[in-house]
Amino acid sequence: MNTQPLSRSAAPRSFPFTAGDVNIYHARLLADQQVTYVLEFANCLDLDRLKTSLRLLHEALPMLTCTVQRTDWRFRWVQRPDCLPSLSVQDGSGQIQSDILHFVNTLCDPEKDLPLKLLLLHSVDRDMLCFKVDHVLADASGLKSLLYLFAEAYGKGKLSPIVNRNRGFGQIFRRFSPLALFKAALAADLPKPGPALLAGPFDSSSVFLEHASLDPEQFGRVRIVAKEAGATINDTLLTALYRVIWDRAGDNLASPYPVMVPVDMRRYLPAEKRLVIGNMSGAVFPRLAQVPGESFRETLTRVKTRMDELKVEQPGLGALILLAVGAVRGGRMIRSRYQQAASRGLSFINFTNFSVIDESLCDFGSVPLIQAYGIGPIQYAPGILIALSTYRNTLHFVVYGNDTQRFQPFIRSFLASIKSQLGQAL
């Protein structure tokens, strides 16, 4: 299982540390940063093929054999041929959800641990596989690409990845004129988080995963609502979220409430360059005020109008430029902002869509994949990060948070209210 060894005369390879990497490295001041997919199979995987697939993935992508090396305020990725790819195997006949939570909550030190970790929960007749990456290396889109490559290696016994090795923002910025970049930076809207929906203090020592879903029939009805309104699925889901926020905020909401919506900046690259294992996420922050007595469809019209306005303005570009500026000199500015946020307990409601898991690209050969969903990084209370993902027309909502006594029941009710709002939309 060792990665390809270096000869004694060869020095370890190093790779640039991008502005996106700097951002997530310092974001660990707010919460541990890892991203996970959970895969449920109809029967059992072959352990030897899993090991071979993991080895092939590490050999094809040198970044997976690296850890972070930090010298003062300078960072780089340095290859670690002495480290082993991580694949743990456990009995899957016990407390599955508890085992998944323990795996997700096991910290990753990017300066010591390789970024990709796998857990196989093996039982007599079926398996579950947890596929986790350190967010310092890759965002959710990067993890999905890794998952597809891993599935290819398992199904075909080989890899022919066409990966864009350029992980930097420069390739995105070059797609725009200097004037367009300047205007995007000026127009960037980075508001402060809205009021907390539940007052602290919170227990940081206990963590939970709260999971809700819409089955294909329920999700199909949401698609109908979106189509009739000329809106996107995201617009419709965001509408439900806003209506729940207003309901929970009550009289504390004196101004339009901001929600953080990440944007995959690979959209600005040519199609053949979008397979990037890296952090290439920008964000937009739609803000919406409550209108008393407004129907779901009236709120949806306002959400669609605002999101359409943001899409005209190259969504996420301004935030990405500011992030790149903040990452200069090792991200001193970014770190300072995160320290202030952590000290004040400030956190956004983050509505991040991992999008659809492509069944044809997540093909493990003769072992059918029944279900799959994504888990985002933990967001400490009162912040809420809702990770959405879709597989076989089932839409999943997953929140990874802290405080099982007070905050978990709140989140369980919060997700149930989102589902209720979507059900009332018809």
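Below is a table of values for the structure above.
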quantity: Likely footprinting exposure, 73, 246, fewest C-beta neighbours within 10 Å first; calculated: 73, 246
quantity: Length-normalised contact order for the chain - Cα pairs under 8 Å, 6+ apart - percent; calculated: 25 percent
quantity: Within region 18-146, percent of DSSP bridges classed antiparallel, to nearest 5; calculated: 75 percent
quantity: Beta bridges by DSSP in the chain, antiparallel share as percent, to the nearest 5; calculated: 80 percent
quantity: Spatial separation of Cα centroids for region 293-340 and region 349-384, in angstrom; calculated: 22 Å
quantity: Magnitude of the charge dipole, the chain, Cβ model with Lys/Arg +1 and Asp/Glu -1, debye to 20; calculated: 1480 debye
quantity: Positive dipole terminus of the chain, leading residue within 114, 45, 279 (C-beta point charges); calculated: 279
quantity: Percentage relative contact order, region 14-156, counting C-alpha pairs under 8 Å, at least six apart; calculated: 36 percent
quantity: Longest DSSP-loop-exposure-free segment, GluC sites (Glu not before Pro), the chain, at most 14 other Cβ within 10 Å; calculated: 112-293
quantity: Footprinting exposure proxy for 235, 358, 109, 72 (fewest neighbouring C-beta atoms within 10 Å first); calculated: 72, 109, 358, 235
quantity: 3J(HN,Hα) from dihedral phi, region 407-424, Karplus parametrisation 6.51/-1.76/1.60, rounded to Hz, x for glycine, proline; calculated: 7, 4, x, 4, 5, 4, 5, 4, 5, 4, 5, 4, 4, 5, 4, 5, x, 7
quantity: Net dipole in debye of region 298-426 [+1 Lys, Arg Cβ; -1 Asp, Glu Cβ; about Cα centre; nearest 20]; calculated: 620 debye
quantity: Amide H partners (placed H, <5 Å) of residue 111, local residues excluded; calculated: 68
quantity: Inverse of mean 1/r across different Cα pairs in the chain, Kirkwood, Å; calculated: 22.5 Å
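Values quoted throughout were computed directly from the atomic coordinates according to the rules given, and no laboratory measurement underlies them. The model shown is predicted, which means the values in this text are computed figures rather than measured ones. Don't worry about glycine lacking a Cβ; one is built from the backbone with ideal geometry, like all the others, and counts go over all protein chains shown.
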